[in-house]
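Below is one structure, written out as structure tokens; the observations come after it.
The values are calculated or read from the model by the stated rules, or taken from the named source; none is laboratory data. Source: prediction; values computed, not measured. Note that we place each Cβ from the backbone using ideal geometry, even for glycine, and neighbour counts take in every protein chain shown.
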Amino acid sequence: MKAFLLVLAFLGPLQVADDSVQAWVQQQRGPLLERPMRSLTDLGKPVVVFAGLLLVATFDVSAGPATARLALAALVPTNLVVEGLKRLTGRTRPDGEHKRSNTSFPSSHAANAFALAWVLARRYRRWAAAPWVLAALVAVSRVYLNRHYASDVLVGSAIGVLCAWFAARTMAAWEARRHARSEI
């Protein structure tokens with residue numbers, strides 16, 4: 001009960017901070033950034049994500065299929081956690097939309113982008129900065145387009161990274177057990 005009360009105590013100041021950031025970002029909006037921000041948001045659509053993973057699996061013969069498998073293994077728990085929290089919290093979006101099935105907290109775009117960034121940065125270390133920067137831009141686009149608060153994308157980003165890390169550890173443990181069994 002104490003933990004619940006502690007969480008409630010932080011919600012008021014958090015909403016004030018979210019509202020301040022949101023107001024500032026919305027004041028910065030202009031025609032020059034609308035199309036790039038919408039394009040960045042579109043990168044988070046499932047069809048784009050799956051097409052990208054198909055390209056990775058197809059064109060990186062050495063480790064592409066394993067990378068795509070790990071990405072999918074990271075995206076499943078990421079989306080389960082995000083969708084569960086969305087239904088649990090029911091937070092109205094900054095633009096005023098309130099559908100129980102598609103609430104604001106946390107951002108699934110940010111969660112998925114950061115889960116993929118973790119996987120891709122781990123696989124393609126030479127270009128590791130690129131997926132992180134792209135993930136950050138996708139998250140910023142969600143705030144810019146008035147679909148999420150800053151805390152939505154920050155928590156979504158953390159969920160994505162944690163789920164990707166968990167998926168990698170789980171898959172590595174399974175692989176180690178499979179390898180140990182094959183040596184018997």
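Out of everything in region 98-112 that is touching a residue at least 40 places away in the same chain (Cβ under 8 Å) and more than 16 Å from D19 (Cβ to Cβ), what residue ends up being surrounded by the fewest Cβ atoms within 10 Å (Cβ to Cβ)?
Kept after step one, since they are touching a residue at least 40 places away in the same chain (Cβ under 8 Å), are these residues of region 98-112: 104-112.
If we keep only those that are more than 16 Å from D19 (Cβ to Cβ) as well, we get 106-112.
Details: P106: 27, S107: 30, S108: 23, H109: 28, A110: 29, A111: 33, N112: 28.
Checking each candidate, the answer is S108.
How do the helices (runs of 4 or more DSSP H) wholly within region 64-164 filter down when requiring 2 or more residues that are farther than 30 Å from W174 by Cβ: which remain?
On the way: elements: 64-89, 108-123, 129-144.
Ranges flagged: 129-144.
Scanning region 61-80 for residues that are in contact (Cβ under 8 Å) with a residue 40 or more places away in the chain, buried (at least 20 other Cβ atoms within 10 Å of the Cβ) and either at positive phi or not hydroxyl-bearing (S, T, Y) (or both) turns up L70, A71, A73, A74, L75. In this structure, is D18 under 19 Å from V153 (Cβ atoms), part of a helix (DSSP H, G or I) and charged (D, E, K, R)? Yes.
Condition test on V138, is it closer than 18 Å to K45 by Cβ and touching a residue at least 24 places away in the same chain (Cβ under 8 Å)? When the stated conditions are applied, V138 passes them. Would you call A63 in contact with a Gly (Cβ under 9 Å, 6 or more places away or on another chain), at pLDDT below 95 and either within 22 Å of S157 (Cβ to Cβ) or not acidic (D, E) (or both)? Against the criterion (in contact with a Gly (Cβ under 9 Å, 6 or more places away or on another chain), at pLDDT below 95 and either within 22 Å of S157 (Cβ to Cβ) or not acidic (D, E) (or both)), A63 does not qualify.
Within region 167-179, does at least one residue satisfy the condition of being closer than 16 Å to P106 by Cα and in contact (Cβ under 8 Å) with a residue 12 or more places away in the chain? There is no residue in region 167-179 that is closer than 16 Å to P106 by Cα and in contact (Cβ under 8 Å) with a residue 12 or more places away in the chain. In region 143-154, the residues that are of a type in the set (S, T, Y) and at pLDDT 95 or above form Cβ pairs under 8 Å with partners that are crowded, with 22+ Cβ neighbours inside 10 Å and not in a helix (DSSP H, G or I), at six or more places apart or across chains, as follows: Y149/P94; Y149/S104. Please go through region 50-63 and give me each residue that is assigned to a helix (DSSP H, G or I) and not polar (S, T, N, Q), ordered by number. Those that are assigned to a helix (DSSP H, G or I) and not polar (S, T, N, Q): F50, A51, G52, L53, L54, L55, V56, A57, F59.
Taking the listed residues A167, A139, A180, the one that is over 15 Å from the mean Cα position of the chain (by Cα) and of a type outside the set (S, T, Y) is A180, with no other qualifying. Any residue at all in region 40-49 that's touching a Phe, Trp or Tyr at 6+ places or on another chain (Cβ under 6 Å), of a type outside the set (F, W, Y) and not in a helix (DSSP H, G or I)? No: zero hits.
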